[in-house]
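Undergrad: Starting off with a structure, shown below.
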Amino acid sequence: MLIALLAVLGVNLIVLVAFAAFVFARKRWVKRQPGAFRGAIRVARGEVDGLRPKWGRGYGHWVRDVLVWTKGPFLFRNEVVGTDDLQEHRSALPGEVKRLGDDPAVIRVGAGSAAIEVAAHGHDAELLAGPYRELLGTTVATSEGL
């Protein structure tokens, strides 16, 4: 039905297949970045370009004290957020963040005059902490020694 509608509208099927292949290849590449985690992000206080006060899904990874956030669902754009400090680390409240497992972890970090909250599945809590792991007393196993 959908293919017939798109054909009537003049959209070529090969264009749709190429687009889908690109999206899946991009998702695979983003997921395989070192330290990547799936989660949600929102602005808790202030304003940060490219981010909203509502939870938005995507993938994140840390590069030193900079959070690189790849926005879902198509994963086309990266938002780069320089962070100053860890303000809070906690478990998510019931119903606060959906689709991240039973016990998602949430961190609040300062970004200039703003604050952002990032949530991830509980088993990704160490990756979520990023450069602030030492403050929390957690460690992350790396593949460098293997």
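The values are calculated or read from the model by the stated rules, or taken from the named source; none is laboratory data. Keep in mind that this is a model prediction, so the values were computed, not measured. Because the Cβ atoms are built from the backbone with ideal geometry, glycine has one as well, and the counts that use them run over all protein chains shown. Calculation scope for accessible area: heavy atoms of the full protein, side chains included, ligands and nucleic acids excluded. Shrake-Rupley method; radii C 1.70, N 1.55, O 1.52, S 1.80 Å.
Undergrad: Taking a probe of 1.4 angstrom, what is the accessible area of residue 98 in Å², to the nearest 10?
TA: Counting only protein heavy atoms, the figure is 130 Å².
Undergrad: Provide the convex hull volume over Cα atoms per residue for the range 1-51, in Å³.
TA: 158
Undergrad: Also, I was wondering about something else. Near residue 104, within a Cβ-to-Cβ distance under 15 Å, what is the net charge of the other residues, with Lys and Arg +1 and Asp and Glu -1?
TA: 0
Undergrad: Let me ask something else. What part of the accessible area of the chain, given as a whole %, is carbon or sulfur when the probe is 1.4 angstrom? Walk me through the numbers before you get to the answer.
TA: Details: 5430 of 9370 Å².
On the chain, the fraction of accessible area on carbon and sulfur atoms equals 58 percent.
Undergrad: With a 1.4 Å probe and all protein chains in place, put 69, 29, 55, 62 in order of accessible area, largest first.
TA: Reading off the accessible areas and sorting them downward yields 29, 55, 62, 69.
Undergrad: Further, regarding this structure: Mind grabbing the accessible area of residue 121 for me, 1.4 Å probe, Å², rounded to tens?
TA: Only protein atoms counted, so the area is about 60 Å².
Undergrad: A follow-up question, please. Express in % the proportion of alpha carbon pairs of the range 1-115 at distances exceeding 22 Å.
TA: Value for the range 1-115: 45 percent of Cα pairs lie more than 22 Å apart.
Undergrad: Sequence neighbours fewer than 8 away in the same chain don't count; with that in mind, list the lysines whose C-alpha is under 17 Å from residue 54.
TA: Reachable lysines: 71, 98.
Undergrad: Suppose accessible area is computed on protein heavy atoms with a 1.4 Å probe; arrange 136, 13, 51, 100 from highest to lowest.
TA: 13, 136, 51, 100
Undergrad: Follow-up question, since we're still on this one. Might you tell me the accessible area per residue for the chain, computed with a 1.4 Å probe and given in Å²?
TA: Accessible area per residue: 64 Å².
Undergrad: I'd like the orientation of helix 13-31 relative to the chain: the angle between its Cα long axis and the longest Cα principal axis, in ° from 0 to 90, rounded to 10.
TA: Result, in degrees: 10.
Undergrad: Moving to a separate point now. So between residue 20 and residue 54, what do we pick up on full extension, going 0.36 nm a residue minus the alpha carbon distance?
TA: Fully extending the segment from residue 20 to residue 54 adds 9.5 nm.
Undergrad: Give the relative contact order (percent, whole number) for the chain; include only Cα pairs under 8 Å separated by 6+ residues.
TA: 20
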